[in-house]
Amino acid sequence: MSLADPTSDTTPFFSDDSEAEGSEEPGAGPSQRREEEEPASGVSSMRAVFTVIVLCFINLLNYMDRFTVAGVLPDIEQYFGINDGKSGLLQTVFICSYMFLAPVFGYLGDRYNRKIIMSVGIGFWSIVTLASSYTPKEYFWLLLLTRGLVGVGEASYSTIAPTIIADLYIKERRTQMLSVFYFAIPVGSGLGYIVGSKVDDLAGDWHWALRVTPALGLVAVVLLLFVVKEPKRGAIEARPEHTLQRTSWLGDMKALCRNPSFVLSTFGFTAVAFVTGSLALWAPAFLFRAAVFTEGRPPCVKGPCDTSDSLYFGIITVVSGILGVASGAEVSRRLRLRTPRADPLVCALGLLLSAPFLYLAIVFAQASPIATYVFIFLGETFLSMNWAIVADILLYVVVPTRRSTAEAFQIVLSHLLGDAGSPYLIGVVSDSLKQTDSYLWQFRSLQLSLLTCSFVAVGGGAFFLATALFIEKDRQNATNYAPSDDEPIVVPKSGRSTRVPVSSVLI
């Protein structure tokens, strides 16, 4: 099976999709007739299920690796002797790398073999993550560099995997599979804290926590190459009776900026990213400092540090994430029977309810650890209601030919204004509020800094409420979209296809 063979298991890497669209010969043999009986995607139903399972496993590893560092953050701070501002950079450099490279890999994924791109990216991510675990204590900047390079590998996967699922399923089935795919976000995040803390405890060295996901990453590469089959792009939802014209990138961006539901929901999701990014890095460290200040727990003077708070926070994240994603999808499904504005209203409800519980969790940290964990659980549950719904909103308010551009734009904006800067911002504010280097002010300054998350959540809820005002109209516009009279059409020219305006060929 050659990589250049259009009928092979994968699309040729250095080729356009048009190369794989061979014209059918008049005398079609039995093998060609069997191919016609295959699903439009070219992937059997059983193979499609296995493909989704593998992609979910890799997405799980993606978020596990992302939050393993947060699970052992007190050890890292003690080992390198860094302050809160530098600790926040660990997440910021990773997100910045991921954010800026996601559109690049999205562009490549639309044009070249997605299996090859993901396999190379995951292999690179595994090697770099393993290398970061050997960083000497005098070279903190090297740890920052390797965390940034990890973002390169993760960007190669996160932007491409959902498009494979979209090419395997349509309508309700696609929504179900995407919901399963996004379950890996809270579950993988929680497992990152759990695995990081337990491996640190068992090995007595935080470096070993960073060596778990690289080994599993190599397993993921093998599964990608031998289990996943590349589906034909867009074949499963081809609609000959309503062919959509592809416009320029600048035209797509102008149309997206004139789509209020897309713009407002993107800003709402940015608030979600800000809050989750802040809590993901700082919540375990905050809980540890609260225990040192209120319960007399020994501070982390020499590693390994007490990572029980990371373990508990990880368990809460897994359970609350599953409940939040599932309940958000179910509440939205039931509310759609009453109003077409259900999706943004559920997103707004989730953020507005999470805000007071997160506020209470931060305030009660010095009074009652049990109450703090209960409020964190409730706050994270309501916050997780947004994940699958926001993805669905984008899909039905944006026409198919602009969805990849919309996904890339939403990724860049939500990370740029959200979790790319929020961990660093929380750390810097904490350092600025710290009056002395006592255990009291280490806890108090971080506590005051984290209160920002509650107010950002309220702002995100307001954006989703505003989205509800436009969602019906924008959904209808996307459903009934048809190219304008002067949009480009394809005109043969010397055996090739050339796009020209309609007005230039009308007589």
### Task
Obtain the nm distance between the two label points defined at Asp392 and Leu440 by a simple spin-label model: each point lies 7 Å from its Cα along the Cα-to-C-beta direction.
5.1 nm
#### Entry: Reciprocal of mean inverse Cα separation for the range 306-370 (Kirkwood radius, Å)
13.9 Å
### Semi-axis lengths, Å, the range 365-444, gyration tensor of Cα atoms, sqrt of 5 times eigenvalues
37, 20, 5
### Sequence of Thr68, Thr436, Thr276 when ordered by accessible area, the most exposed leading, probe 1.4 angstrom
Thr436, Thr276, Thr68
### Message
Leaving ligands and nucleic acids out of the surface, order Met46, Met118 by accessible area at 1.4 Å, largest first.
### Response
Met46, Met118
### Task
Kindly provide log₁₀ I(q)/I(0) values, in the same order as q = 0.12, 0.20, 0.22 Å⁻¹, from the Debye equation applied to equal alpha-carbon scatterers of the range 52-109.
-0.42, -0.87, -0.95
### Query
So what are the three principal axis dimensions of the range 121-238 from its Cα atoms, in whole Å, longest to shortest?
57, 24, 23
#### Entry: Unsatisfied cross-links (Cα-Cα over 23 Å) in the set Lys137/Lys434; Lys86/Lys137; Lys115/Lys232
Lys137/Lys434
### Task
Heads up, I need the accessible area for Arg334: 1.4 angstrom probe, whole protein in place, Å², nearest 10.
150 Å²
### Summary
Quick calc, Val222 & Val363: beta-carbon distance into FRET formula, R0 51 Å, rounding 0.05, result 0.60
### Message
Under 37 °C and 0.692 mPa s, how fast does the range 297-421 diffuse according to Stokes-Einstein, given a Kirkwood radius computed over C-alpha pairs? Answer in µm²/s, whole number.
### Response
196 µm²/s
### Å² per residue, accessible surface of the range 90-175 at 1.4 Å
38 Å²
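The values are calculated or read from the model by the stated rules, or taken from the named source; none is laboratory data. The shown structure was predicted, so the numbers you read here are calculated from the model rather than taken from an experiment. Neighbour counts are summed over all protein chains in view; Cβ atoms, including those assigned to glycine, are modelled from backbone coordinates with ideal geometry. Note: accessible area is taken over every heavy atom of the protein model, side chains too, but ligands, DNA and RNA are not part of it. Shrake-Rupley method; radii C 1.70, N 1.55, O 1.52, S 1.80 Å.
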